[in-house]
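Some notes on the structure that comes next.
Quick note: the coordinates plus some simple rules give every number you see, no bench work behind them. Since this is a predicted model, take the numbers as computed values, not measurements. Positions of Cβ are backbone-derived with ideal geometry, glycine not excepted, and every protein chain shown enters the neighbour counts.
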Amino acid sequence: MPKDHGIGASPKRREDVRFLTGAGNYTDDINVHGQAYVHFLRSDMAHGTINKIDTSAAEGMPGVVRIFTGADFEGVGGLPCGWEITDKNGDAMKEPGHPVLCQGKVRHVGDPIAAVVADSLEEARTAAEAIELDITELPAVVDMGKALEAGSTKVHDDLADNLCYDWQFGSDTETTDAAFKSAAHVTTLELVNNRLVANPMEPRVAVGDYSRANDEHTLYTTSQNPHVIRLLMGAFVLGIPEHKLRVVAPDVGGGFGTKIFHYAEEAFCTFAAKACNRPVKWTSTRSEAFMSDAHGRDHVTTIELALDKDNNFLAVRTDTKANMGAYLSTFASSVPTWLHGTLMAGNYKTPAVQVNVKAVFTNTVPVDAYRGAGRPEATFQLERVIDKAARELGVDPIALRRQNFITQFPYATPVAVEYDTGDYEATMAKMEELMDIGGFAARRKASEAKGMLRGLGVNCFIEACGIAPSNLVGQLGARAGLYDAATVRVNATGSISVMVGAHSHGQGHETVFPQVVAEMLGIDEGMIDIVHGDTSKIPFGMGTYGSRSLAVCGSAMVRATEKIINKAKKIAGHLLEASDSDIELKDGQFTVAGTDKSVAWGDVTLAAYVPHNYPLEDIEPGLEETAFYDPANFTYPAGAYACEVEVDPETGKVTIEKFVSADDFGNVVNPMIVEGQVHGGIAQGIGQALLENCAYDENGQLLSASYMDYAMPRADDIPHMASYVVDHSCQTPCTHNPLGVKGCGEAGAIGSPPTVVNAVIDALHSGGHTHVSHIDMPVSPSRVWAAMNGQ
Amino acid sequence: MQMTDSRTIAASPEEVWAAILDPEVLKACVPGCTEMSGSAEEGFEATVVQKVGPVKATFKGTVVLSDMVPGQSLTLTGEGKGGAAGFAKGGADVKLTAVEGGTELHYDVDAKVGGKLAQLGSRIIDGFAKKMADQFFSNFQSAVEGPQEAGEGAPLANADGDDGEKKKGWFKKLVS
């Protein structure tokens, strides 16, 4: 019998009442009296030298308040990068300046050259057309290989070349080379992890406000982490002390990582609100989003897998070029390194793993974390090369994986992390059961009878979530702590507000977090509300990304609630004239153990705020506690995924017939929300595998900047719900956080792309197209058809 | 995007050459051209109104003639800025060869677009550029030789729908 409340229950999402009735309060819904509007004049060239920006004609146009260019930001800090990578020679990464508005050069299509603030958006746009630009176009660097060639055009003239860093990690070269030398078989695969645009439903918005009376700034922004923005923008860009800067991220309509970062537009609105002494609002258009939201992925990789004569994995070696775009976005440098290299062992006990990554500047939009961030790239290459090896060796791909599984925990990988717990055999067996692997041959026959090729793709994945142990990431170059914080404020009548550092932008925290507190206190969830997204209301937490909210912020909330319980027991002990060590809390009642003497939750909370009969000499009145929680380790969700596709040999079109995920997320608080997260993640993974591609031409022109050219997955690209099975019944609880939870937000997007591609290759082989060993994503009909036909 | 084509014009290479250098001819032939001024020596300034897929814009730009070998070959280079719509630029290497019945005009065209044109119109830009080149050289052919000698099919009207009819063949009549 499933629970109907508390941990393990699936109450409906309470935030949906406002989201589904049009009552959400998104940043674009926020309008401040007297606000002006900004339109950014963006570069339509990928690379050029700015000779002159003549704003004189535009300044006299109707409604124009002020026009800003890069010159207005001289002396203002640039947008900082939050993670310093040390390269294989011990040198710091190259960290070029990233001005709020272009200074001297434009470096990608969409780079903001000037900002027109006007009474209306139309007036701002019209005036921007009157700005005379004298820009000499320079050759653009788009291809990473060409960018690294000697003598290549440089994105940043003050750097020696376009290399941000050359990073090596994991097993040393001697060990790795020796393993390859002793191998009975080596499988090599070259692949591209396609560049994606996150495309949250709500585009980015920023509203800057300034109070001259108090010298106080307020920024309303579409952020996943308002405190991070306050710190980065206040301390590094604009020099505003934190007590004079409030950052509010209200309802946010999807983030997927792209709203983690500190962007030029929000710094601009904050700056301009003071400079113009007027609130300034910016709302991104969808076209702008394509050329100003940080993109995702864009890795080019060669991976090699060495196996001994018994098909045991001996070594993995990778060589990746990772596109940084034109500037280093906030966490760009960490994605291809620590969020990617540390996962290259996968679910396997491979003794030697060496990861090589060159990060490259190009004249493209900056690239940063997107749902999964480095871990999908790791999973894709590893699970594709294993599949290729199985095919070359003529062995069952499931059996090959199984024989190489890590089975003993904790397990220290050759790539720095220690998996605390897991059971990869359990998820594999669950996947086989749900997929009905045994019935595949018959289903393939049925497809063939229709003239279709049917393929089965399987793979495993592991990810490091619950980001992150601060002392560890500090050693790895992070310039921030990655703990989180929660304040549990119990009101006099017993209702509770929980102020959390995590930010909910689709995850359902407002529903899930109260389930945990309610379970701990034995009170009704309806008595508990979550407050998030406003630095003036919540403790200094680090926000939501990397599937961290419940594992890190939820743990802080548990610790704060434990403090509440301890104090409440003392109060109850006083009221019951018993020792607090004898007080038990159950179902919202404090009872003296072994007696029928009890007081209710509400009696205790009232006593805390009306301390007439209260041990004031021993404890303070009030009932409010804060806890900061820094995790001891990452969490390691893992699973086994499978999908069946049909490929139409006439057209190359791929249809996903069935998808199964068997995940181990540790303990699950709200199964319905977990399933929704995985459904959404897999849909995005299917989007990457079959449809999405952010394309540039050789001149650095962005070719896919609308939904006419950038193919998002639609309902009919995703299997019907009956064939879209997400399971999380295999649970090995995390050993180091109080809830035993691991995180589920990114798993679907990490695990699913190789599943789809493996299935397509399998289908083509069944049709006799055995020369096809790989097709790069998106596996579009034209690419499949070309591969089948040897083109 | 690159295109190569050739067509035979019923006029001598000298007549064709003279027509290419004439801003009035260029204005009549560039599809969507509403203004054209300047000279072959100093370059032309042009205003062109065009719709590329979903993007309609007024392009202001320049056309420069270079590598001129009278009666034989030249290069046309143009660049137009369309404000928020982005930019278009391109060049054509034109070669003239005397053949039986007139002059063979051979062209290699290279066209590039940027900004919103590339972002929203890239799928259709190849077809669009080919259409523009076809229209330009068809217009040019009719301007030089008149419609009755246009070979296969009727020449395309000027894209802005202006008085293309009465201009047909006018240049040849003028110089012959």
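Each part reduced to its alpha carbon centroid, segment B:98-149 and segment A:1-23 end up 62 Å apart. Label zone (A:Glu84, point 7 Å along Cα-to-C-beta; backbone nitrogen cut-off 17 Å) within segment A:448-479: A:471-479. Legend: mean number of C-beta atoms from other chains within 10 angstrom of residue C-beta atoms, peptide A:131-138, equals 1. When each of the peptides A:360-367, A:64-71, A:372-379 is scored by the mean number of other C-beta atoms lying within 10 Å of its residues, the order from highest to lowest reads A:372-379, A:360-367, A:64-71.
Count Lys and Arg as plus one, Asp and Glu as minus one, and take only other residues whose Cβ is under 14 Å from that of A:Gly8; the net charge is then -3. From the alpha carbon centroid of segment A:195-261 to that of segment A:277-297 is 12 Å. Packing around the peptides A:706-714, A:596-604, taken as the average count of other Cβ atoms within 10 Å per residue, puts them in this order, highest first: A:596-604, A:706-714. Remark: mean inter-chain Cβ contacts per residue of B:62-70 equal 0, using a 10 Å Cβ-Cβ cutoff to other protein chain atoms.
Going by a ≥ b ≥ c, the root eigenvalues of the Cα gyration tensor, does segment A:483-629 fall in the rounded group (a/c under 1.5), the prolate group (a/b larger than b/c) or the oblate group? Judged from the Cα gyration tensor, segment A:483-629 comes out prolate (a/c at least 1.5, a/b above b/c). Residue separation of A:Glu174 and A:Ala593 scaled by 0.36 nm, minus their Cα-Cα distance, works out to 144.5 nm of gained length.
With a cut-off of 10 Å between beta carbons, the residues surrounding B:Tyr107 carry a summed charge of -1, where Lys and Arg count +1 and Asp and Glu -1. Label sites at A:Phe628 and A:Thr407, each approximated as a point 7 angstrom past Cα along Cα to Cβ, lie 4.4 nm apart.
Ranked by the mean number of other Cβ atoms within 10 Å of their residues, highest first, the peptides A:429-438, A:260-269, A:414-423 come out as A:260-269, A:414-423, A:429-438. Here A:Ala160 and A:Ala235 are evaluated by their C-beta separation; at R0 = 22 Å the FRET efficiency comes out at 0.15. Rounded to 0.05, the FRET efficiency of the B:Glu35 and B:Ala98 pair, given R0 = 45 Å and the Cβ-Cβ distance, is 0.85. Counting, for every residue in A:281-291, the Cβ atoms of other protein chains within 10 Å of its Cβ and taking the mean gives 1. The local environment of A:Ala695, defined by Cβ-Cβ distances under 15 Å, has a net charge of -4 under the rule Lys, Arg +1 and Asp, Glu -1. Measuring between alpha carbons in the structure, the pairs from A:Lys12/A:Lys742; A:Lys146/A:Lys349; A:Lys154/B:Lys95 lying more than 29 angstrom apart are A:Lys146/A:Lys349; A:Lys154/B:Lys95. Full extension of the chain between A:Asp29 and A:Glu122 gives 31.6 nm of extra length, using 0.36 nm per residue less the Cα-Cα distance.
Centre-to-centre separation between the Cα atoms of segment A:657-681 and those of segment A:731-763: 9 Å. Mean projected area of the Cα convex hull of chain A, taken over all directions, amounts to 36.3 nm².
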